[in-house]
Amino acid sequence: MRRCRIRRIVATLAGLCLLIEWMGTVARAEAADLHANTLAAFDRYVQLTEARVDDERRGRRPFLWIEGLPEPQRREAEAGLRRGETVVSRLETRDAGRSIDVPDGMRHHWVGTVFAAGARLDQTVTLMQAYDKYQDVYRPAVRRSRMMSREGDHFDVYLQLFMKKVIGVVLNTEYDVRYLSVAPNKLQVRSHTTRIAEVLQPDTPDEQEKPVGHDSGFLWRFNNYCALEERDEGTYVQCESVSLSRGIPTGLGWLIGPFVTSIPKESLEFTLGTIRTAVAKER
């Protein structure tokens, strides 16, 4: 009996040690600063990316990403879209052929496309501009939503986001969103975060924000560039996301890694799939 009690005590102490170590690890993960050189490198990446998006709007490049694929890949992607699939790919913008390093940070660049059969462009735009309803349409990824102001095709929007991989993170985010007409059947939507703040103890009397740029670093910047094109059979919806997070500290890959490797792609797939489903319900 004495040996059993000793083993239980040892196991309990070991468990407490692991818990203390885990809590210390999470605390270290929370301490991340957005440095000026990190932001400068990301801004350079965005500048070059938006130069390409401008060319797509002006007709100097294919308007949709799938149209620029080699013919066998384009046919395969088109067939997948018509089957109701979401076609997603990682992208990289390069500076004169060179990769752009982001010191103390990681940039994430994805493009995805869905085809909403039978949907019209104006239906899709109406859905995208219903920002007050995002908390219902995109739940659980969006917990709260509000259109703060509108001037024509220019919107200021607030979204409270929820992300979970190993641990959950709640973020208060604000966006500058502009809708740019390209042709009667084509439209670009450009969205830039103007503020991201991590929320502590959400939905409690003690809810508060961490200092902007000094937090867990799971999302520091998030830009989204959408291209919509209506054709006879329906509307193509393409969204391209460019985001910035902290780098992965040594020994914290189990905690930080899932956020910075999985969430950008999964969030894009979720958003596009939800748009396709919601547009279908509106028809």
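Arranged from fewest to most other beta-carbon atoms within 10 Å of their beta carbon, His35, His109 become His35, His109. The fewest-to-most ranking of Ile196, Ile167 by surrounding Cβ atoms within 10 Å reads Ile167, Ile196.
On the basis of the beta-carbon distance and an R0 of 25 Å, Phe162 and Val182 show a calculated FRET efficiency of 0.15.
Computed from label points 7 Å out along Cα-Cβ, the spacing between Asp153 and Ala36 is 3.7 nm. With a cut-off of 15 Å between beta carbons, the residues surrounding Asp153 carry a summed charge of +1, where Lys and Arg count +1 and Asp and Glu -1. With R₀ set to 25 Å, the beta-carbon distance separating Glu174 from Glu269 gives a calculated FRET efficiency near 0.55. The ranking of Tyr158, Tyr131 from fewest to most other beta carbons within 10 Å of each one's beta carbon is Tyr158, Tyr131.
Counted by Cβ distance under 14 Å from Thr274, the other residues give a net charge of 0, where Lys and Arg count +1 and Asp and Glu count -1. Remark on Gly247: its backbone amide H falls under 5 Å from those of Gly105, Met106, a criterion applied only to residues 5 or more positions apart or on other chains, H modelled at 1.01 Å from N. The separation of the range 201-245 from the range 90-127, counted between C-alpha centres, amounts to 12 Å. Using the Karplus relation 6.51 cos²θ - 1.76 cosθ + 1.60 with θ = phi - 60°, the per-residue 3J(HN,Hα) values for the range 72-81 come to x, 5, 5, 4, 5, 5, 4, 5, x, 4 Hz, with x marking Gly and Pro. The modelled label-to-label distance between Arg190 and Ala117, using points 7 Å beyond Cα along the C-beta direction, is 3.5 nm.
Quick note: the coordinates plus some simple rules give every number you see, no bench work behind them. Everything quoted here is computed from the prediction, not taken from an experiment. No Cβ is skipped: glycine too gets one built from the backbone with ideal geometry, and neighbour counts run over all protein chains shown.
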